[in-house]
Amino acid sequence: MQRKKPTLKTVAAHLGVSTATVSNAFNRPSQLSTGLRENILQECEKLGYTGPSSTARSLRTGKTGVIGVLLADNLAYNFTDPVATEFLAGVSKALDEAHVNMLLLPPSKENYQNTQVETIPDSFIVYGKPVDASIVDLILRQHKPVVAVDFSIPDIPSINIDNHKASYDIAKHAIHGPSDNVLILGLRLEPSTSLSLANLDNLYSSEESVSRCRFEGYKQALEENQIALSNENIWQIHDLEETSLKTMLRGTLTAPKKVDVLLCMSDKIALAALAVSQELDLSIRIVGFDGIPQAAESGLTTVQQPIAKKGQIAAQMALGQLPYESIQLDTELIIRSSS
């Protein structure tokens, strides 16, 4: 005969205490003495009782103890990209301290068909704008607190840095004069998946894309140095896999017209370019953006941004531990041997 699963009521009766006392042992330990709580938990373990139903508790309190993090890129990318992993580590630190769980939400609407996973979290962090904007609308329709990171949503607080100024400062450092041939290696600048831009008519706005903000900073530095901006010198990189990046860069950096300056919108792109330039024995000023640990190891000039702090602040705001208002964090230009 199968043993009946113990319930809160049967466990309380067995221990000779109230159901509230057993519940407090799991959910409100400060309400009990250390000895009483340890005794209750030990007896519960013997009985095979793991605690009050989380489903019942969420129905009663209206809380699930889950924060949703909507990602702009697929799940696999966020486990391999150094910026994304550092950001998520910052989020995790704040959630660990609050004993709250994290639910990673992918940016593809196919993941939300035949499921209501978006209804689970108590609040949301949206890390970058997904290509499919309807996913953001799906989150907003939950009418729960939302915090945006690295882009803006109307009437929603955001965590950002001044990407325009940071990019302007690093480009101004790298460019020496009007004779420099400058190549911009950007991230996602427009909806198309092409490498080069036919024109600048379809760029994302500065509110929805950090890449656009960084591009405008580069553009300002180019104009101040009287360098004409050519579409041929603006690329958007979609595949950040190192081998693919290096193959593309070998072709670019051995073209007849010598490249003097590479303005890279991420350290990952810049590090691949630096490796190729050293392999081909080329003299090119190369700068990155983000300040990942590998940048320091390789002597890469970059913009150091507080990636983990972004995640930590976003999580604290989603938890209600910080005021529900936009924050702009500081960056630092780190000059090293690559420029």
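So which of Glu207, Glu190 ends up being touching a residue at least 12 places away in the same chain (Cβ under 8 Å) and under 23 Å from Leu249 (Cβ atoms)? Glu190 is the lone residue from the list that is touching a residue at least 12 places away in the same chain (Cβ under 8 Å) and under 23 Å from Leu249 (Cβ atoms). If you go through segment 268-285 one residue at a time, do you hit one that is among the charged types (D, E, K, R) and on the phi > 0 side of the Ramachandran plot? Yes: one or more hits.
Being in a loop (DSSP other than H, G, I, E, B) and touching a residue at least 40 places away in the same chain (Cβ under 8 Å) is the filter; apply it to segment 143-154 and report the residue that is farthest from Glu207 (Cα to Cα). Among those that are in a loop (DSSP other than H, G, I, E, B) and touching a residue at least 40 places away in the same chain (Cβ under 8 Å), it is Pro145.
This table checks each residue for (1) in contact with a helix residue (DSSP H, G or I) (Cβ under 6 Å, 6 or more places away or on another chain); (2) closer than 23 Å to Val149 by Cβ; (3) without any contact (Cβ under 8 Å) to a residue 60 or more places away in the chain.
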{"position": "Ser194", "(1), (2), (3)": "no, no, yes"}
{"position": "Ala198", "(1), (2), (3)": "no, no, yes"}
{"position": "Asn202", "(1), (2), (3)": "no, no, yes"}
{"position": "Arg212", "(1), (2), (3)": "no, yes, yes"}
{"position": "Glu216", "(1), (2), (3)": "yes, yes, yes"}
{"position": "Leu240", "(1), (2), (3)": "yes, yes, no"}
{"position": "Ser266", "(1), (2), (3)": "no, yes, no"}
{"position": "Ala275", "(1), (2), (3)": "no, no, yes"}
{"position": "Ile284", "(1), (2), (3)": "yes, no, yes"}
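The single residue among Ala72, Ala133 that is under 17 Å from the mean Cα position of the chain (by Cα) and surrounded by fewer than 14 Cβ atoms within 10 Å (Cβ to Cβ) turns out to be Ala133. Going by what's in this entry, would Ala89 be described as closer than 23 Å to Asp267 by Cα and either part of a loop (DSSP other than H, G, I, E, B) or of a type in the set (Gly, Ala, Ser) (or both)? For Ala89, the condition - closer than 23 Å to Asp267 by Cα and either part of a loop (DSSP other than H, G, I, E, B) or of a type in the set (Gly, Ala, Ser) (or both) - is met. Residue count for segment 287-309, restricted to those that are without any contact (Cβ under 8 Å) to a residue 60 or more places away in the chain and assigned to a strand (DSSP E or B): 1.
For segment 137-190, a residue qualifies if it is at pLDDT 95 or above and among the small types (Gly, Ala, Ser), and the qualifying residues are Ala148, Ser158, Ala166, Ser167, Ala171, Ala174, Gly177, Ser179. Taking segment 9-34 as the range and being part of a helix (DSSP H, G or I), of a type outside the set (Ser, Thr, Tyr) and within 40 Å of the chain's Cα centre (by Cα) as the test, the residues that pass are Val22, Asn24, Ala25, Phe26, Asn27, Pro29, Gln31. Of all residues in segment 105-130 being under 20 Å from Ala76 (Cα atoms) and among the small types (Gly, Ala, Ser), which is surrounded by the fewest Cβ atoms within 10 Å (Cβ to Cβ)? Among residues in segment 105-130 that are under 20 Å from Ala76 (Cα atoms) and among the small types (Gly, Ala, Ser), the one surrounded by the fewest Cβ atoms within 10 Å (Cβ to Cβ) is Ser108. Pairing residues of segment 313-333 that are farther than 26 Å from Thr301 by Cα with residues that are loosely packed, with under 12 Cβ neighbours inside 10 Å and not basic (Lys, Arg), at Cβ distances under 8 Å and at least 6 apart in sequence or on separate chains, gives Met317/Pro323.
In the set Lys9, Lys46, Lys93, only one residue is in contact (Cβ under 8 Å) with a residue 12 or more places away in the chain and of a type in the set (Lys, Arg); that residue is Lys93.
If you go through segment 155-168 one residue at a time, do you hit one that is assigned to a loop (DSSP other than H, G, I, E, B), in contact with a helix residue (DSSP H, G or I) (Cβ under 7 Å, 6 or more places away or on another chain), closer than 18 Å to Val126 by Cα and not assigned by TED's automatic domain parsing to the domain that holds Leu300? Looking for residues that are assigned to a loop (DSSP other than H, G, I, E, B), in contact with a helix residue (DSSP H, G or I) (Cβ under 7 Å, 6 or more places away or on another chain), closer than 18 Å to Val126 by Cα and not assigned by TED's automatic domain parsing to the domain that holds Leu300, one finds at least one in segment 155-168, hence yes. Quick check on segment 229-243. Is at least one of its residues at pLDDT below 95 and of a type in the set (Ser, Thr, Tyr)? Yes: one or more hits.
Exactly one residue among Leu333, Leu282 is farther than 30 Å from Pro154 by Cβ and not in a loop (DSSP other than H, G, I, E, B), and that residue is Leu333.
Scanning segment 302-324 for residues that are of a type in the set (Ser, Thr, Tyr) and crowded, with 24+ Cβ neighbours inside 10 Å yields a total of 1.
The values are calculated or read from the model by the stated rules, or taken from the named source; none is laboratory data. Remember, predicted model here, so these are calculated numbers, not experimental data. Positions of Cβ are generated from backbone atoms using ideal geometry, with glycine treated the same way; all protein chains shown enter the neighbour counts.
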